[in-house]
1. Using only the heavy atoms of the protein chains and a 1.4 Å probe, how would Trp118, Trp13 rank by accessible area, largest first?
2. Per residue, how large is the accessible surface of the chain? Use a 1.4 angstrom probe and give square angstrom.
3. Order His65, His35, His53, most accessible first, counting only protein heavy atoms with a 1.4 angstrom probe.
4. Sum -39500 (n - 2.57) across every DSSP H segment of at least 4 residues in the chain, then divide by the residue count to get the 222 nm mean residue ellipticity, nearest 500.
5. Using label points projected 7 Å from each Cα along Cα→Cβ, tell me how many nm separate Lys122 and Asp95, to one decimal.
6. Which trypsin sites (Lys or Arg not before Pro) does segment 1-109 hold that lie in a coil by DSSP with at most 15 other beta carbons within 10 Å?
7. What list of ³J(HN,Hα) values in whole Hz, one per residue of segment 42-55 in order, does the Karplus curve 6.51 cos²θ - 1.76 cosθ + 1.60 (θ = phi - 60°) give from phi, with Gly and Pro shown as x?
8. Show Thr43, Thr84 ordered by accessible area, largest first, where the area counts protein heavy atoms only and the probe is 1.4 Å.
Amino acid sequence: MVTVVPPRSYPEWRKGQFDRPEDAAYLFGYYLILHCRDEAMATLPAEASPEVHAAVEKAVDVALHNVCDLLEGFWRLQAGPNHTISLALGIQVRDEQNQVLETQEISPCMLDLPIGYWKWAKEHEFR
């Protein structure tokens with residue numbers, strides 16, 4: 001397995017209160033693309049037409065965007081008539097000894113979580 005080093009590694013994360021969660025969310029989006037979107041797209045047969053490729057890519061993007069929306073709290077999720085739930089996603093940065101150095105909660109929060117997904121999906125900056 002090839003080790004992938006993302007474009008903005010942990011030592012480069014910005015220091016601002018809202019910048020750090022955003023940098024963590026960008027890494028979430030990066031790995032969502034790398035391990036979900038690209039894997040899904042790789043299942044298309046080589047002979048698939050450009051139209052089929054585009055339709056499948058759009059469907060995968062919509063599905064993964066909706067995962068981000070779920071995590072962001074975009075929809076009110078019922079857990080019965082008197083309760084709601086929110087889905088939580090935290091990013092933990094670990095050192096070489098697997099010790100947690102930092103935890104950033106990126107959902108639910110005030111962050112536009114899909115921004116990390118669309119940054120990589122549309123720009124393909126990491127390829």
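The values are calculated or read from the model by the stated rules, or taken from the named source; none is laboratory data. Computed from a predicted model, the values in this text were never measured in an experiment. Cβ placement follows ideal geometry from the backbone for every residue including glycine, while neighbour counts extend to all protein chains displayed. What goes into the accessible areas is simple: the full protein's heavy atoms, side chains included, and nothing from ligands, DNA or RNA. Shrake-Rupley method; radii C 1.70, N 1.55, O 1.52, S 1.80 Å.
1. Trp118, Trp13
2. Using a 1.4 Å probe on heavy atoms only, each residue of the chain averages 65 Å².
3. Order by accessible area, largest first: His35, His53, His65.
4. Helices in the chain give a 222 nm mean residue ellipticity of -12500 deg cm²/dmol.
5. 3.9 nm
6. Hits after loop and neighbour filter: Arg8, Arg14, Lys15, Arg76.
7. 5, 7, 5, x, 4, 8, 4, 5, x, 5, 5, 4, 5, 5
8. Thr43, Thr84
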